[in-house]
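Reviewing the structure listed below.
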Amino acid sequence: MKLLVTGGCGFIGSEVVHMAIARGHDVTNLDALTYAANPANLSSIDAHQRYHFIRADLRNLEETQAAIRSARPDAILHLAAESHVDRSIDAPSVFVDTNVGGTANLLQATRAYRDSLPVDDRDRFRFVHVSTDEVYGSLGETGVFTEASPYQPNSPYAASKAAADMLVRAWGKTYGLPVLITNCSNNYGPFQFPEKLIPMVILSAIRGRPIPVYGSGENVRDWLHVEDHADALLRVMESGRCGEIYNIGGDAELRNIDLVRQLCTLLDEARPAPQSYSDLITFVDDRPGHDHRYAIDAGKISRELGWRPQTDPTTGLRKTVDWYLANESWWRDILDNRYGQERLGAGTPVSTS
Ligand code: NAD
């Protein structure tokens, strides 16, 4: 298929691009190249004849329309977003502009493009919107999010993604656009921007810096390896039922503090230091509005599409630690030029340009 992937220079988008190329698809990557983008994630396929790149900003309707007309896709996988919760606390407007306004532009441009297609192509067309479990808010000690859980977003990031989900739903209901929505739990793996918990812990530890843990570290997240997420998205695109929502999760719940300790143990084994890296763990003020627990019931995608996570969390975390240890030039460039691991989300406005 000819795919248009938005946000393909990001963490998950680049994995989707790699996997789609490996599975024989033709891929156009639309990305604005914000601070979160890493074209280096795609250096191994840059020259591939089935890979194409268009620099375009979804906040600009004309650029978005031109990119779709040029790519002429059979399906769109929409991953581009402002994605870092802490930044959304400091600078919420850009989250509204990209995640809400950008998605509205993309839907508008996609509808016009699809309407221009011959009937058979129009019938085959799919629009997959990649969202997050954070739209459902926070759980107590028990329970799981299902596709029927009410939307109760708590951070500006989650609210902007929830709004985007609603727009996608509306374009499906009102204009008959064949849309599918996925809501996924926390991803981890190689190429993740150093602001997210797992790379932040690894990179703080090996640079001998305090490893900040928000609050008392009791918050629980479900972790999914990025390859499993990309596989789920391609399956939803190929075989999902239009108009449906699919929750995607790793069935791997961990308290943040336990995850941080596990990473320190893996680092103690992989790169022994005079003292355990866990000595660097430092509890800091909690994130405002910090959700307590997320957990996903991924039964629907498992029953309907036969998808299950393949990566065992311990193996996945070990491989991720090894990847960051082996790829210093990748993260050094980011830390030196774009993000020096300063605390975000504590109320100080930042620039996200
Ligand atoms: P990321 O921040 O690593 O990458 C986002 C990409 O989108 C970047 O390459 C950036 O340049 C691009 N982008 C941002 N604004 C744009 C705009 N206006 N126009 C065009 N491109 C733009 O994000 P990620 O972690 O790879 O997440 C991808 C998607 O998956 C997001 O929609 C996110 O909400 C969702 N998601 C992420 C996770 C997670 O754990 N990372 C979990 C569930 C869902």
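So the values come out like this:
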item: Top-ranked residue of region 216-247 - restricted to ones that are polar (S, T, N, Q) and open to solvent by 60 Å² or more (accessible area, probe 1.4 Å), ranked as nearest to residue 142 (Cα to Cα); result: 216
item: Positions within region 248-268 being part of a helix (DSSP H, G or I), of a type in the set (Val, Ile, Thr) and crowded, with 19+ Cβ neighbours inside 10 Å, in sequence order; result: 260
item: Checklist (1) surrounded by fewer than 23 Cβ atoms within 10 Å (Cβ to Cβ); (2) β-branched (Val, Ile, Thr); (3) under 27 Å from residue 162 (Cβ atoms) applied to residue 21, failing item; result: (3)
item: Residue within region 320-341 that is closer than 30 Å to residue 125 by Cα, of a type outside the set (D, E, K, R) and surrounded by fewer than 19 Cβ atoms within 10 Å (Cβ to Cβ) present; result: no
item: Residue within region 286-300 that is in a helix (DSSP H, G or I) and either closer than 18 Å to residue 205 by Cβ or not aromatic (Phe, Trp, Tyr) (or both) present; result: yes
item: Breaking point among (1) open to solvent by 50 Å² or more (accessible area, probe 1.4 Å); (2) within 9 Å of the ligand (Cβ to nearest atom); (3) of a type outside the set (Gly, Ala, Ser); (4) touching a residue at least 12 places away in the same chain (Cβ under 8 Å), for residue 12; result: (1)
item: Hits in region 301-319 - residues which are open to solvent by 20 Å² or more (accessible area, probe 1.4 Å) and not in a helix (DSSP H, G or I); result: 306, 308, 309, 310, 311, 312
item: Hits in region 29-70 - residues which are within 10 Å of the ligand (Cβ to nearest atom), touching a residue at least 60 places away in the same chain (Cβ under 8 Å) and β-branched (Val, Ile, Thr); result: 34
item: Spans of helices (runs of 4 or more DSSP H) in region 103-215 with at least 3 residues open to solvent by 40 Å² or more (accessible area, probe 1.4 Å); result: 103-115, 119-124, 156-175
item: Contacts under 6 angstrom Cβ, first residue in region 72-83 being in contact (Cβ under 8 Å) with a residue 60 or more places away in the chain and more than 7 Å from the ligand (Cβ to nearest atom), partner open to solvent by 40 Å² or more (accessible area, probe 1.4 Å) and of a type in the set (A, V, I, L, M, F, W, C), 6 or more apart; result: 74/1; 75/1
item: Selection status of residue 87, basic (Lys, Arg), assigned to a helix (DSSP H, G or I) and near the ligand (Cβ under 10 Å from one of its atoms); result: yes
item: Pairs with Cβ under 8 Å, 6+ apart, first in region 229-241 and closer than 11 Å to residue 15 by Cβ, second charged (D, E, K, R) and assigned to a helix (DSSP H, G or I); result: 229/15; 230/15
item: So residue 93, is it open to solvent by less than 80 Å² (accessible area, probe 1.4 Å), in a helix (DSSP H, G or I) and within 13 Å of the ligand (Cβ to nearest atom); result: yes
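The values are calculated or read from the model by the stated rules, or taken from the named source; none is laboratory data. Just so it is clear, the structure is predicted and the values come from calculations on it, not from any experiment. Backbone-built Cβ (ideal geometry, glycine too); neighbour counts: all protein chains shown. Accessible surface areas use protein heavy atoms only, side chains included; no ligands, DNA or RNA. Shrake-Rupley method; radii C 1.70, N 1.55, O 1.52, S 1.80 Å.
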